[in-house]
1. Carbon and sulfur: what percent of segment B:241-393's accessible surface (1.4 Å probe)?
2. Taking θ = phi - 60°, what integer Hz values does the Karplus form 6.51 cos²θ - 1.76 cosθ + 1.60 yield along segment B:322-334, in sequence order, with x for Gly and Pro?
3. Return the carbon/sulfur percentage of the accessible area of segment B:180-235, one whole number, probe 1.4 Å, all protein chains in place.
4. Provide the FRET efficiency to the nearest 0.05 for the residue B:35-residue A:97 pair, computing r from the beta carbons and using R0 = 51 Å.
5. Relative to the present Cα-Cα distance, how much length would full extension add between residue A:205 and residue A:388 at 0.36 nm per residue of separation?
6. Ballpark to the nearest 100 Å², how much total accessible area do B and A bury together, probe 1.4 Å?
7. With each run of n ≥ 4 DSSP H residues scored as -39500 (n - 2.57), what mean residue ellipticity at 222 nm is computed for chain A after dividing by its residue count and rounding to the nearest 500 deg cm²/dmol?
8. In square angstrom, rounded to the nearest 10, how much accessible surface does residue A:46 have for a 1.4 Å probe?
2 protein chains.
Amino acid sequence: MMISGLANIGGLEVKGNGSAFLAFDPDQQVSLEPAFFTVDAQQIDEACQLASAAFDHFRETTDEQRAVFLETIAEEIVALGDSLIQRAMAETGLPRLRLEGERGRTVNQLKLFAELLREGSWRDVRIDSALPERSPPRPDLRLRMIALGPVAVFAASNFPLAFSVAGGDTASAFAAGCPVVLKAHSAHPGTSELVARAIVQAVSRCQLPAGVFALLTGTGNGIGQTLVAHPAIQAVGFTGSRQGGMALMAVAASRAQPIPVYAEMSSINPVFLLPHALAQRGTAIAQGFATSLTMGVGQFCTNPGLVLGIQGSEFERFAVEAAAALAPTPAATMLTAGIANSYQAGVQTLAQQTDVKTLAHVAASTGKAGAALFVTSAKTFLTQRVLHNEIFGPAALLIACEDLAEMRQIAEKLEGQLTATLQLEEEDYAAAQDLLPVLERKVGRILVNGFPTGVEVASAMVHGGPFPATSDGRSTSVGTAAIQRFLRPVSYQNMPQALLAPALRDKNPLGIWRRFDNVLGKV
Amino acid sequence: MMISGLANIGGLEVKGNGSAFLAFDPDQQVSLEPAFFTVDAQQIDEACQLASAAFDHFRETTDEQRAVFLETIAEEIVALGDSLIQRAMAETGLPRLRLEGERGRTVNQLKLFAELLREGSWRDVRIDSALPERSPPRPDLRLRMIALGPVAVFAASNFPLAFSVAGGDTASAFAAGCPVVLKAHSAHPGTSELVARAIVQAVSRCQLPAGVFALLTGTGNGIGQTLVAHPAIQAVGFTGSRQGGMALMAVAASRAQPIPVYAEMSSINPVFLLPHALAQRGTAIAQGFATSLTMGVGQFCTNPGLVLGIQGSEFERFAVEAAAALAPTPAATMLTAGIANSYQAGVQTLAQQTDVKTLAHVAASTGKAGAALFVTSAKTFLTQRVLHNEIFGPAALLIACEDLAEMRQIAEKLEGQLTATLQLEEEDYAAAQDLLPVLERKVGRILVNGFPTGVEVASAMVHGGPFPATSDGRSTSVGTAAIQRFLRPVSYQNMPQALLAPALRDKNPLGIWRRFDNVLGKV
């Protein structure tokens, strides 16, 4: 399939008015044709205006129509065939199997939201019947969630399909009824163009207004700033660096009308080795940890970057075994030169800290990353804030704590995280119970006897967490609850049946779950 | 009941370390004894630290325990007896009947949240069972909402009970499991002290940690700034002026860890007179409008400050009748001298605008407000932004539109509002259908053939709306959905039963609604 190097606005492929840039194959270390072009402020404005014009129609399409739209996008993505996988491989250095898996995840994600739409309880319909005899009389009140407005979505570099053009942010925004203006990640513009074409095809097949989706291409921070500042944009979805997310938060907060930003930014995902688990399964945990750390060259938001144990021979053995388990994993290509450089710099900073000992560091040539493992004491970790920073890639820091109390103290000092992991045996339950309240305050997901990489797309998933893991710890960007980010409630008082949306009408024509006089039911 | 002039921190009555101030009787124009004292930064810190220390315990009390706590507060408020009503009358100038009604509302609100806690679906429990045979295996995932953390609540001046110390923000935060650090409104410090005593009594009777509640007394903006900046505070509830809300939003956004602010700020609550309704019921609507506008001396967030009609003889007659209906309502005492002065200034500004005609202005002595009614054209309204500002009090502006298209254009240009009202007959449905999408984007509640004052505390109520009606249009501050402001989701992966909260355990020991493998049920 031809890649044209074009953005997509109003269903039309258009050339960005700004400067040219090329995709880059990080594995072959060569630039890829064709050239792409950065859109300018006028093109961003056009995309936003079209999104705004499409909004009222799109948000009032039936749930069935949006479900079919999501399924059609999935179909069109599959129809892109191997050219999508090939281009994604070239642009990211990620292996075929991983990308095929990610395509499956992307497609399933779209289908999951289609299911959610058909089930209907996401509308949170509430009906309080009139009580005309009461003094004062109670009016008839009916509440539903409606779409928030056009959403600006910033694609992530590390999931060129599942967190990119047709990823979770786009799928959940579409499901809610929000048009999406998508800023493509400049590291995989060709992959983005192909997926955008699939979406535009679905928009057309489903006879939706063309403004429902736009793909903006470009490099630099200017597009993001202009896009988030645009009055038509009503919410922002972002996955990327802390710096990037914070910059968008600042723009959103300083608008004449501030808007919510859902930015997933930074996490070091602490793993707590409780004593009995360490004693009984230390070797297996070291092995599992090494696999989780190096998976995808460590380029996951949920990478286990911090491992805490109680100092002593068992933790020392764990450190040796973990280092040994990392050694055979060869250095591998990172997504971009920038990410590879940041990784090297981060690892170097860590290695140079006083009282931080390097246990392993697999050598790597330019553009690649080798696993790195360090160890330090809890006291050092508590005093050196730089040790709390995320190093995006296969690097982790072990923390030797004096006792469980010190381990809890570290937990208490951590910033917000996406995940925390407990390795435990039944004899560790008391220790876990002591840690849990702290972890609940700090993270979005708590795992037992697993590793945090691998984020299931499900109803009960939370891929979110207190700041700075995300900008808004009240939300998740993965799983069906992600739709709630793009909704707001509207109440209708004494509205005649003829003017009510079907979801709110007396006879429940959609047959969905509703809260009727405070009782949940399909009434 | 004695009023001591003290703040309440950690369950103890303490004298603020700062400067003294007195409450003021706006009706009698006299100061009221005793003196109150502004708390200092150290006292604010102490209250926040205690709230933080109480948090883990309080949020994991059972729902039944928190339900009983809310009911006990209600009981203790009733037990304050007439001294509460008397002090509130003296401090606010509001009449006895209104305050007795408001006490009933406050008590019912607490009981409604107790009911919600016992019903349990607010936890949004989701369970996705493990699929060990799938490739890769799906882990067991369980989600629940947990409390966000200590909440700073700023009491409103205009509802000294229902939006004050034990008002909706406090009730919903307590229900969620959040300790509350309450900044009392300096216009009714004695009323606040009495209600705080009721809460503290309930905290003690329910054997909760004393840090669950604190009452901070004082004047000036310093307390608010210090309180919202405190690291222990995790969310803010506020009802007041746009300027005040925006100042708190700025503090919250500039913290090292930004936190959500739920500020209810400003609304002019447009009323749309559709042609057939105006023709058929003009006189009755004028009467109803005048009653709604002057109720409580217009000191409601949902006061109907803007009325739009199609120009012509019927709208002219409506203007005359509305002005006539307002004339007999005597000027009445406003809550504070500041509010009265702002009202006079606002009315004066309006009267002086080019192309704005004064239809009525009831004379008022110092501290009082008389109703005021103005009329202008849609064109003038569109060009003069000052006409869009809220005037807190019994003032309204009529807008003569050329036709329905211009009426829709005005709707499109309005800022976010708490409410919009449609006066309509069946023949107006088409016009209403044309307006509704615009109104849905602009407001939190749409009423038909009523008036916006009178906000029912119910499951389907939305007392919220897009900025600047509130800081966060995704929320409501009235009704059971208000609890959602103070919650965030946590997911538990492969967590042993023994470590799970009861709401998440296999057997559903609480018997609450849960989403089990995507199906809602009491399983």
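1. 57
2. Those phi angles translate into 5, 4, 5, 5, 7, 3, x, 6, x, 4, 9, 5, 8 Hz.
3. On the way: 710 of 1510 Å².
It is 47 percent, rounded to a whole number.
4. Values: r = 75 Å, r/R0 = 1.47.
The formula returns an efficiency of 0.10 here.
5. Numbers: separation 183, 0.36 × 183 = 65.88 nm, distance 4.87 nm.
Working it through step by step, the gained length comes to 61.0 nm.
6. Details: alone 20680 and 20700 Å², together 35380 Å².
Adding both sides of the contact gives about 6000 Å².
7. -12000 deg cm²/dmol
8. Roll a 1.4 Å probe over it and residue A:46 shows about 90 Å².
The values are calculated or read from the model by the stated rules, or taken from the named source; none is laboratory data. It should be emphasised that the depicted structure is a prediction, and the values quoted were computed from it without experimental measurement. With ideal geometry, Cβ positions are generated from the backbone for all residues, glycine too; neighbour counts draw on all protein chains shown. With ligands, DNA and RNA removed, areas are computed over all heavy atoms of the protein, side chains included. Shrake-Rupley method; radii C 1.70, N 1.55, O 1.52, S 1.80 Å.
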